[in-house]
Amino acid sequence: MNDLSRTGQTENLLTCLGCNLLCDDPDVSSGIAALESNLKQICPRGADWLMRSQEPIELPERSLEHQILEAITWLQAARAPLWIVDHQQSLAASRSIVATAEKSRGILVSPASPIAEGASRAASHVGQVVCSLGDVRSRADVIILWGCDPALSHPRLIERICQQNIEQTGSKRPLRWIVVGDVLPSSIQQLTASGQTVHHFPWGKDLTFSKLQHLRSMIRQKNQQVATSSADASVAELAELLHSTRYGCLFFGEAFCQPEMAALATESLQRLVIELNDGRAFHSQYLANHGDFGMGSVVCTWQTGYTGAISFQQGQIDHDGNRFSVERLLREKNTDCLVLVGDHALEHIPSESIAQMAAQPVIWFRSYSTECSFPQLVDIRVQRDGIDRRAVFHRLDQLTIPARPWNDSSLPDLATVLDKIWNGLSR
Ligand code: SF4
């Protein structure tokens, strides 16, 4: 493990894949084990990821060539293969996934939480580009945390924003932090402990949409310099804080709103950010609780022009996020072979849909052997991007970050295996 000459690593810096901040400054010159306990270098969440990454990988008994042949046979015979891909695939793997799913005439889905799906749909529905995180993070006056808890999901985010703000502006003036809704006390404690000013609006998740609509109306009136009045003092206070901001960043997460309101609330939020960009620079960003640094959905959008689930069944791209949902396809028995890609492929799938999968052949490309009860399973173990092999990932601020390998592995890489399957399919 960690043999620098074999991995081709030229520097001693490791890219942490504990969250999509992708910190690339942990120094492994004293070895991986020493880094795990050095919490000045890596946060507790990153140390946990590092420890899990060193767990031994069990190899299936059947040979890889035999498994690839079996996967080709199943895909060749399938009328409607369903590809379920997690959000942690690298750029190279994502290209091969899209190409092989297309050749198998499959349906390609990347399941996500309702808030994450709402956020990506809202961006395409509203269709207006606002400024990026890179544009505002170093000069922001205000950072808003709405229903997210970066102290748990992105432990070094608060520290980094404060640090960058001081470096860029040269001042130690505290940022104003606005915390809205269900934010766990850990983030608020982290902020107050570092001397930051915190305004807290403890609105319930069930009120998110109505408060947002009210807030938008007040911001529009203020933008038009029309006198405003509101029966809701807390909305008026937040509107005043936002209106007096020049550069702002809004992070939202899984506790932003109730799941059934995700589509409406995320679209309303997207529109609020556009309205805030009238005379100011504002950015909004969804903070995922788990990983979400892969580029699968981005590559899929580049190649197909659509966000969300797509089908290649008709020999051309068909796009309908509702019709091509995993739950619906399984419930209506509109799929006859499943291809799971990644250790987290089943993460956002309801348990009754997972139970329905047992009736079909399943091909699973993964690294770890988590419990599953699929009687017909081709279980292909592949290298982990950014651990066993070099890979490029997508950071929170949209920058692509290379991750050097630090573990020797004899496993094949996913893109190579998929390319062999692509070559074996005769459609
Ligand atoms: S903040 Fe995220 S990427 Fe950075 S060290 Fe912690 S877990 Fe790793």
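The numbers here are math on the coordinates, done by the rules we state, and not lab data. Treat the numbers as computed from the prediction; the structure is a model and nothing was measured. Quick reminder, even Gly has a Cβ in these numbers, built from the backbone with ideal geometry, and neighbours come from all protein chains shown.
Just a few scattered comments:
- The H on the amide N of Arg389, modeled in the peptide plane, is under 5 Å from the matching H of Arg384, each at least 5 residues off or on a different chain.
- Between Ile363 and Leu338, Val339, Leu340, Val378, the built amide H atoms are under 5 Å apart, and every one of these is 5 or more places off in sequence or on another chain.
- The ratio of the alpha-carbon radius of gyration of the chain to the globular-protein estimate 2.2 N^0.38 Å is 1.05.
- For the chain, the dipole from Cβ point charges (+1 on Lys and Arg, -1 on Asp and Glu) about the Cα centre works out to 980 debye, to the nearest 20.
- The per residue volume of the convex hull around the alpha-carbon atoms of region 116-286 is 108 Å³.
- Computed from phi, the 3J(HN,Hα) profile of region 341-352 under the Karplus parametrisation 6.51, -1.76, 1.60 (θ = phi - 60°) reads 10, x, 5, 9, 4, 9, 4, 9, 9, x, 4, 5 Hz, with x in place of Gly and Pro.
- Computed over every Cα-Cα pair of region 17-89 and binned at 10 Å starting from 0, the pair-distance distribution P(r) comes out as 15, 29, 22, 21, 12, 1 percent.
- Amide H contacts of Thr197 (H built 1.01 Å from N, in plane; Pro and chain starts excluded): Leu175, Trp177 sit under 5 Å, all sequence-distant by 5 or more or on other chains.
- Region 28-41 - phi-based ³J(HN,Hα) in whole Hz, Karplus 6.51/-1.76/1.60, Gly and Pro as x: 9, 5, 9, x, 5, 4, 5, 5, 3, 9, 8, 6, 7, 8
- Ranked by how many other Cβ atoms sit within 10 Å of their own Cβ, fewest first, the residues Thr266, Thr192 fall in the order Thr192, Thr266.
- With neighbour counts taken as other beta-carbon atoms within 10 Å, the residues Ser426, Ser217, Ser96 rank, fewest first, as Ser426, Ser217, Ser96.
- Coil-residue trypsin sites (Lys or Arg not before Pro) of region 21-99, DSSP, other Cβ within 10 Å capped at 10: Lys40, Arg79
- By the count of other C-beta atoms within 10 Å, a proxy for reagent exposure, Trp203, Trp364 are ordered fewest to most as Trp203, Trp364.
- Cross-link partners for Lys222 among the lysines, with Cα-Cα distance under 22 Å and sequence neighbours closer than 8 places in the same chain left out: Lys211.
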